[in-house]
Amino acid sequence: MAKPVLMVGTTDSFPSIEYASGFRAPDPVVFLKSGTENFLVVPQMEFGRASRTEKTVTVFTPETLGLEGTARGRLGDWTFGLLRKLGIKTVQVPVLFPHGVAKYLEKRGMHVFIAKHDLFPERAVKSSDELRKIMESQQAAVIAMRAAIAYITASEIDSAGYLRARGKIVSSESVREIISRILFEHNCMPKDVIVAGGAQAADPHEMGSGPLYAGETIVIDIFPKNLSHGYWGDLTRTVVKGAASSFMKRIYHAVKAAQQVALSRVKAGVNGSTVHRSVINAFRRRKLLGNHEDRSTGFIHSTGHGVGLSIHEAPSVSTAEGRLKAGNVITIEPGLYYPGIGGVRIEDTIVVTNSGWRYLVPCEKKFEI
C-alpha cells in the first residue's frame, strides 16, 4: 500500500494541493492524501471556504485538532496534530518539502520519506474542464500578443533608429504596459512578461528594458495566470520593426522550421526526448546548434514543458525520457540566441492527441513588421 502523501506550504509553492483538494489560499496549509481520502488543515478563518470546495476533503483547523497556545500558529504542530489524529506514522513528501517541518516530525517519531517520483502524475493529463481553463488563459495571451505587435507595427522609425509612437519612444516597458493592461482586462495576472529587444533578446529570461530599435529582434513572451481558476497560458513571438539583417532572417526561418519539425513529431506515444532531438537535428543541419563549450550561444534550452496549474510542469519536452499522452498540454518553443546580437524564440501551447496535436488557441506568426 502506498505511503500517505504529505504537503505543507502554499498552493503557489505546491499546486498539487489545489489540484487534489480544490482549495487555494495565499497562506500555508497542511495537505494529506491517505488512500482515497484527502485532508486539509487550514487557519480558522479559512475553514468555511475550504469546506465548500468542489472536491471531497475533510477539513481541520488547529482548534479542531486540539492544539493550544503557540502550537496553534506552528505548521509543524498542525502537521503532527493531523498525523497523530489519523494514526499515521509514515509519510512520503515532495523534494521541496519544508526541511524544518520534516525535522520536527522526525523528532516526534514520524518517518518522513522523500518521494523519488511525481506524487500526482495524473496532473499531466488534462481533463476537458482543465483544457477549457488553459484555453481561456491562452486566449488572453493571444489577444495581448496581437495588441503588442500591432503597437510596434504602427510605430515609426526616427533618424536615430528608435521606434516612436505618437512622438514617444517605444520601450520594453511601454509594450509590457499594453500587454499587462489587456491581461488584467481578461482576469489574468501579467507575471514577468518578457519584451526584450536587441542584445537583451539573447538571454531567454531577460524581461527587457529601455528603448526598442528598428532592425533588431524583439522577443515577446506572455504567460498569464488566470486569477479565478489558476491555470496558465504561454505564448512567444519574435518580431523586427523594419528590415532584419540577413543573419537574423536566417535565424528566424531556422527557428520557425525547427518548430514545424518538432510539431510534426508530436502525438501520443512519442517520447518527448524524440521531439527535442528533432529540434537539435534541425539546427545541426543548418549549422546553428551552437558550441557545447559555450552554453550561451545557439539552442540553449529544452524544446518545451507542460502547462497547467504551474507554468512549468510535466511532461518535459527535453532530454528527459517520457512518452507523451493524449491530454498533455505542452509548449513547443525552440530558440536561438547570440550574445551581443539578439535572439529568436517562437512558442505555441498545444494539446497532444492520439493522432497528433492541436492548438489551444492559434496565433499568427509575423517577423518583419
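Among the residues making up segment 226-256, those that are assigned to a loop (DSSP other than H, G, I, E, B) and touching a strand residue (DSSP E or B) at 6+ places or on another chain (Cβ under 7 Å) are L227, G233, D234, K241, G242, A243, A244.
Taken together, the criteria exclude A102 from residues that are touching a strand residue (DSSP E or B) at 6+ places or on another chain (Cβ under 6 Å), within 27 Å of W357 (Cα to Cα), part of a helix (DSSP H, G or I) and of a type in the set (A, V, I, L, M). Among the residues in segment 146-158, are any without any contact (Cβ under 8 Å) to a residue 24 or more places away in the chain and crowded, with 16+ Cβ neighbours inside 10 Å? Checking segment 146-158: not a single residue is without any contact (Cβ under 8 Å) to a residue 24 or more places away in the chain and crowded, with 16+ Cβ neighbours inside 10 Å. Of all residues in segment 278-301, none are within 14 Å of the chain's Cα centre (by Cα) and either not assigned by TED's automatic domain parsing to the domain that holds E206 or not β-branched (V, I, T) (or both).
When you check T10 against the structure, is it under 32 Å from the mean Cα position of the chain (by Cα) and of a type in the set (S, T, N, Q), yes or no? Judged against the criteria, T10 is a match.
Going through segment 19-39 one residue at a time, which ones are aromatic (F, W, Y) and either buried (at least 22 other Cβ atoms within 10 Å of the Cβ) or closer than 20 Å to I88 by Cβ (or both)? If the condition is that a residue be aromatic (F, W, Y) and either buried (at least 22 other Cβ atoms within 10 Å of the Cβ) or closer than 20 Å to I88 by Cβ (or both), then F23, F31, F39 are the ones that fit.
Each row is one residue, and each column tells you yes or no for (1) within 21 Å of A124 (Cα to Cα); (2) crowded, with 21+ Cβ neighbours inside 10 Å; (3) of a type outside the set (F, W, Y).
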position	(1), (2), (3)
V41	no, yes, yes
E68	no, no, yes
G76	no, no, yes
F80	no, yes, no
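Taken together, the criteria place I222 among residues that are crowded, with 22+ Cβ neighbours inside 10 Å, at pLDDT 95 or above and closer than 26 Å to E136 by Cα.
Remark: pairs (first residue in segment 97-125, in contact (Cβ under 8 Å) with a residue 40 or more places away in the chain and within 30 Å of G304 (Cβ to Cβ); second residue among the polar types (S, T, N, Q) and part of a helix (DSSP H, G or I); Cβ separation under 6 Å; 6+ apart in sequence or on different chains) = F120/S16.
When the residues of segment 3-18 are filtered to those that are in contact (Cβ under 8 Å) with a residue 24 or more places away in the chain and surrounded by fewer than 19 Cβ atoms within 10 Å (Cβ to Cβ), the one that is farthest from H99 (Cα to Cα) is K3. Only one entry of G272, G298, G304 meets the criterion of being of a type in the set (G, A, S), buried (at least 23 other Cβ atoms within 10 Å of the Cβ) and closer than 23 Å to T217 by Cα, and that entry is G304. Return yes when I332 is at pLDDT 95 or above and either among the acidic types (D, E) or out of contact with any Phe, Trp or Tyr (no Cβ under 8 Å at 6 or more places or on another chain) (or both) and no when it is not. Answer is yes for this residue.
The values are calculated or read from the model by the stated rules, or taken from the named source; none is laboratory data. Just so you know, these numbers come straight off a predicted model, no measurement behind them. With ideal geometry, Cβ positions are generated from the backbone for all residues, glycine too; neighbour counts draw on all protein chains shown.
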